[in-house]
Amino acid sequence: MSQQTPVLQAKGLIKRFGRVTALDGADFELYPGEVLAVIGDNGAGKSSLIKALSGALVPDAGEIRMNGELVQFKNPMHARSLGIETVYQTLAVSPALGIADNLFLGRELRKPGILGSVFRMLDKAEMRRQATEQLSQLGLLTIQNINQAVETLSGGQRQGVAVARSAAFGSQVVILDEPTAALGVKESRRVLNLIRDVRDRGLPVVLISHNMPHVFEVADRIHIHRLGKRAAVITPDSHSMADAVGIMTGAVEVDAA
Amino acid sequence: MTEHTNQGSQPPSSQADHERVTESVGGSIAMRSDEVLDWPRRIHRFFHANPTAAPAIVLIAAVLAFSLIAGERFLTPFNLSLVLQQVTIIGALGVAQTLIIMTMGIDLSVGAIMVLSSVVMGRLAVDFGLPPSMALVLGLVCGAACGAINGTLVTRIKLPPFIVTLGTWNIFFSLNLWYSNSQTIRSQDIESIAPLLQWAGNSFTLFGARITFGSLMMIALVGLVWYALNWTAWGRHVYATGDDKDAAELAGIRTQRVLMSVYIVAGVICGLAAWLMIGRIGSVSPQVGTMSNLDSITAVVIGGTSLFGGRGSIVGTLIGALVVGIFRNGLALAGVDVLWQEFTVGLLILVAVGIDQWIRRASA
Ligand SMILES: Nc1ncnc2c1ncn2[C@@H]1O[C@H](COP(=O)(O)OP(=O)(O)O)[C@@H](O)[C@H]1O
Ligand SMILES: [Mg+2]
């Protein structure tokens, strides 16, 4: 594993919000084709870490590399253009817009020819077609009407739309922040399956979660975050859930990975 | 795979089969589970999916009602075209207002921008002898500049739109009094020196209806902005920004730029409304249009655009303006005192906001 170049890597990230140090020299590595879970207590800095890795937050110090090359994300748009797709904890979907609109939000397709270039006309039919295709590939076709407003969907379906969007456009990395936190058992299961589907399509996934059983079920490796930095990296085979909780809470001391 | 958007009872399996069929055939069959919805919910869904439906129903009902109440003078092409003329300026300002309100803002300065722009047009053409077309363009630029000031204060200084435009309303109105020396530019002077400025007042007769160019321009404006909102990426971004700004931002939309563009476009539309107003009243007066700030908001609200952003339509605003126009006209023809016209408009606003709340509630 470690001879491979990480798809996404961070070293010594620091981010302070006034007196709070959200990131305190955090390291991070994501390798090709894996599901990497990031776990940690509330306030450990998980969200801040993935925000830094997706351009939503500019760290005060530290470096980020993609496929070995140094990058500095200016904003989420920039990270996206480099192939990093993120589903934020606060779902970045627009409730009143339709499913297809949401999938293509910020990168709408225009009609070919003069209609698109001069009149800036959207190619709604094509966006609908691609959205339908994407959702059916991920087995989300119970979402019937691709124009249906997202707010009329259940929590799991919304999460599905957000994941589908990231899977459709992410070429390098898909990051999911607490995707199952607000979901019921059945809906969580579906999202976990989605995560596997995305990985099986060759996209590495970063999964931030609180939920130990979920993490141990889908993750290939587990990054444990504590007090703004990485405390350890374990695998579901090498450690038990109790070990993970121990490291997370500081009850178990480990050498920093 | 059998998850349903309605949280009601589990539909029978025959329906699930039916769904699977429609799925493979059509792909985008709407509201498949309507059969199991009760009536209030179906109505709710309908209004939720069609924001212009409620104002349109009110408009049709109002026309029918006044045809009965106000006598045969009401339902004539001439009278209805008169209503259209009366709502032309509010309709245009309403378009600008809709854009702003859709982004969860409010613009109290639209009327002041319009009057200031009209004074700029009139003064430059009549007093300074600029070519009328140039005066017109500079009037529009004035509108754009006013919009840019509002936009800058909202996006850069991050002041609430209500406060910003409350301030600029007064500022623009004072500038207007200063620049016009509080004097009206007479219609005859404009007619002889800059007839272009009165162009929107030209009209033709069609089946007894008197249609002004200004009314047609306003309708064209509605069409243009409707297109921009529904068929361009910019429009999607305006909706998304108003709907949930943070979500739009995380989806990669530069929401501050979108907001700025909305305020500038609104300013230009106010400039356009200035041109329509000169066409309608002939002269340029620094004192007119002072009520139009609030009237434009009324049209937007009655037109079904939500004051909470992200939901609404330009066509609805036109309908909203027409509803107000029809009520005023119909009540006047029925011999009802003006004060009851205002009373009725007030009721309409409250009903419209109530309906909006109901539509927003319990979205699923
Ligand atoms: N935008 C912000 N402004 C101020 N403090 C913040 C901000 N974002 C996060 N923090 C603080 O940084 C710490 C880490 O937060 P976060 O990254 O959200 O942790 P987690 O996702 O692991 O719960 C917390 O103490 C939180 O209050
Ligand atoms: Mg978090």
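The values are calculated or read from the model by the stated rules, or taken from the named source; none is laboratory data. Being a predicted model, the structure only gives us computed values, none of them experimental. FYI the Cβ positions are ideal-geometry reconstructions off the backbone, even for glycines, and counts take in every protein chain you see. Please note that ligands, DNA and RNA were not included when accessible areas were found on the heavy atoms of the full protein model with its side chains. Shrake-Rupley method; radii C 1.70, N 1.55, O 1.52, S 1.80 Å.
Below 8 Å between Cα atoms, with a sequence gap of 6+, how large is the relative contact order for chain A in percent?
Averaging sequence separation for qualifying contacts and normalising by length gives 26 percent for chain A.
Treating the angle as unsigned and between 0 and 90°, give the value, to the nearest 10°, between the Cα long axis of helix B:132-155 and the longest Cα principal axis of chain B.
50 degrees
Accessible area of B:Met104, 1.4 Å probe, to the nearest 10 Å²?
For B:Met104, the solvent-accessible surface is approximately 110 Å².
Given a 1.4 angstrom probe, I'd like the percentage of the accessible area of chain B that is carbon and sulfur, rounded to a whole number.
68 percent
Roughly how many Å is it from the Cα centre of the range B:287-364 to that of the range B:81-142, as a whole number?
Comparing the Cα centres of the range B:287-364 and the range B:81-142, I get a distance of 21 Å.
Report the Cα-based extents of chain A along its three principal axes, largest first, to the nearest Å.
62, 38, 38
With N set to the residue count of the range A:99-148, report its C-alpha Rg divided by 2.2 N^0.38 Å to two decimal places.
Working it through for the range A:99-148, the quotient is 1.22.
Take each of the peptides B:69-79, B:322-332, B:150-160, average the number of other beta-carbon atoms within 10 Å over its residues, and list them starting from the highest.
Descending mean neighbour count gives B:322-332, B:150-160, B:69-79.
For the charge dipole of the range B:52-360, defined by +1 on Lys and Arg C-beta atoms and -1 on Asp and Glu C-beta atoms about the Cα centroid, which residue among B:Pro286, B:Val268, B:Gln97 has the Cα displaced farthest towards the positive pole?
The residue sitting farthest along the positive end of the dipole is B:Val268.
Which whole-number percent of Cα pairs in chain B have a distance greater than 40 Å? All intermediate terms of the calculation are to be shown ahead of the outcome.
Working: 13538 of 66066 pairs.
The share of Cα pairs beyond 40 Å in chain B comes to 20 percent.
Defining a contact as two alpha carbons under 8 Å apart and six or more residues distant in sequence, what relative contact order in percent does chain B show?
30 percent
Could you work out the relative contact order of the range B:264-346, using alpha carbon pairs under 8 angstrom and six or more residues apart, expressed as a whole percent?
After rounding, I find 18 percent.
For the range B:257-364, what class follows from the C-alpha gyration tensor (a ≥ b ≥ c being the square roots of its eigenvalues): rounded when a/c is under 1.5, otherwise prolate if a/b is larger than b/c, else oblate?
Oblate.
Ignoring ligands, DNA and RNA, how much accessible area is buried between chains A and B, both sides summed, with a 1.4 Å probe, to the nearest 100 Å²?
Interface area, both chains combined: 3300 Å², rounded to the nearest 100.
Quick one: accessible area per residue over the range B:52-360, 1.4 Å probe, rounded to a whole number of Å²?
Values: 12360 Å² over 309 residues.
Result: 40 Å² of accessible area for each residue.
I need the helices of chain A that pass two filters: whole DSSP H segments spanning 18 Å or more by Cα along the axis, and mean Kyte-Doolittle score no lower than -1.0.
A:155-169, A:185-200
Amide H neighbours of B:Gly303 under 5 Å, counting only residues 5+ apart in sequence or on other chains, H built in-plane at 1.01 Å?
Answer set, sorted by chain and number: B:Gly320.
Take the alpha carbon gyration tensor of the range B:83-176, find the square roots of its eigenvalues, order them as a ≥ b ≥ c, and report rounded if a/c is under 1.5; if not, report prolate when a/b exceeds b/c, else oblate.
Oblate.
What does the convex hull of the Cα atoms of the protein assembly as shown come to per residue, in Å³, rounded to a whole number?
Dividing the Cα hull volume of the protein assembly as shown by its residue count gives 193 Å³.
Just order B:138-149, B:271-282 by mean Cβ neighbour count inside 10 Å, highest at the front, would you?
Highest mean packing first, the order is B:271-282, B:138-149.
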